[in-house]
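The values are calculated or read from the model by the stated rules, or taken from the named source; none is laboratory data. What you see is a predicted model; the values in this text were computed from it and never measured. No Cβ is skipped: glycine too gets one built from the backbone with ideal geometry, and neighbour counts run over all protein chains shown.
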Amino acid sequence: MVKAFLIIGGILAFLSVALGAFAAHALKSKLTPDRLAVFQTGAQYQMYHALALLLTGMLADRSAALLVTAGWFFVIGIILFSGSLYALAASGIRKLGAITPLGGLSFLIGWLLLVVQAISL
């Protein structure tokens, strides 16, 4: 699992930079400032949690089940939170914003599990 989190975290961090640059250059003239800001928020949170996933991967071992679970919550959070913001920004369909809080909740659970694991060390 350690290797998987490091690989997934690295890929997601790479994509965050690529998507942020894409938004700043290619989408700047195509999206309204509000929708561009939504897209950028998705990229920022993707990067924060890709880094959290890398940290989780570096700390996790076979005895750290909570860290492994935390890592998967970070992945789910990126998909739901950032993914819904990207889709909302690209399509303008406001109903997609209803998915975003589920991603935020996944992030919160991931961080909470990380803290609980740290306390139990």
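Quick check: anything in region 76-85 of a type in the set (Gly, Ala, Ser), more than 23 Å from VAL2 (Cβ to Cβ) and touching a Lys or Arg at 6+ places or on another chain (Cβ under 8 Å)?
For region 76-85, residues of a type in the set (Gly, Ala, Ser), more than 23 Å from VAL2 (Cβ to Cβ) and touching a Lys or Arg at 6+ places or on another chain (Cβ under 8 Å): absent.
Just to check your reading of the model, which residue among GLY103, GLY77, GLY97, GLY57 is surrounded by 21 or more Cβ atoms within 10 Å (Cβ to Cβ) and modelled with pLDDT under 95?
It is GLY57.
Restricting attention to region 80-92, which residues are closer than 12 Å to GLN46 by Cβ and modelled with pLDDT under 95?
The answer is none; no residue qualifies.
Which condition breaks for TYR86 when tested against (1) free of Cβ contacts under 8 Å to residues at least 40 places away in the same chain; (2) among the hydroxyl-bearing types (Ser, Thr, Tyr); (3) crowded, with 18+ Cβ neighbours inside 10 Å?
Condition not satisfied by TYR86: (1).
Under 7 Å between Cβ atoms, which residue pairs at least 6 apart in sequence (or on different chains) link something in region 1-15 that is closer than 16 Å to GLY42 by Cβ and touching a residue at least 24 places away in the same chain (Cβ under 8 Å) with a partner that is surrounded by fewer than 17 Cβ atoms within 10 Å (Cβ to Cβ) and among the aliphatic types (A, V, I, L, M)?
What qualifies is ALA13/LEU51.
Just to be sure I understand, how many residues within region 90-121 are within 30 Å of THR32 (Cα to Cα), assigned to a helix (DSSP H, G or I) and under 16 Å from the mean Cα position of the chain (by Cα)? Walk me through it before giving the result.
Taking region 90-121 first, the residues within 30 Å of THR32 (Cα to Cα) are 90-108.
From what's left, assigned to a helix (DSSP H, G or I): 90-91, 94-98, 100-108.
Now drop any that are not under 16 Å from the mean Cα position of the chain (by Cα), which leaves 97, 100-108.
Result for region 90-121: 10.
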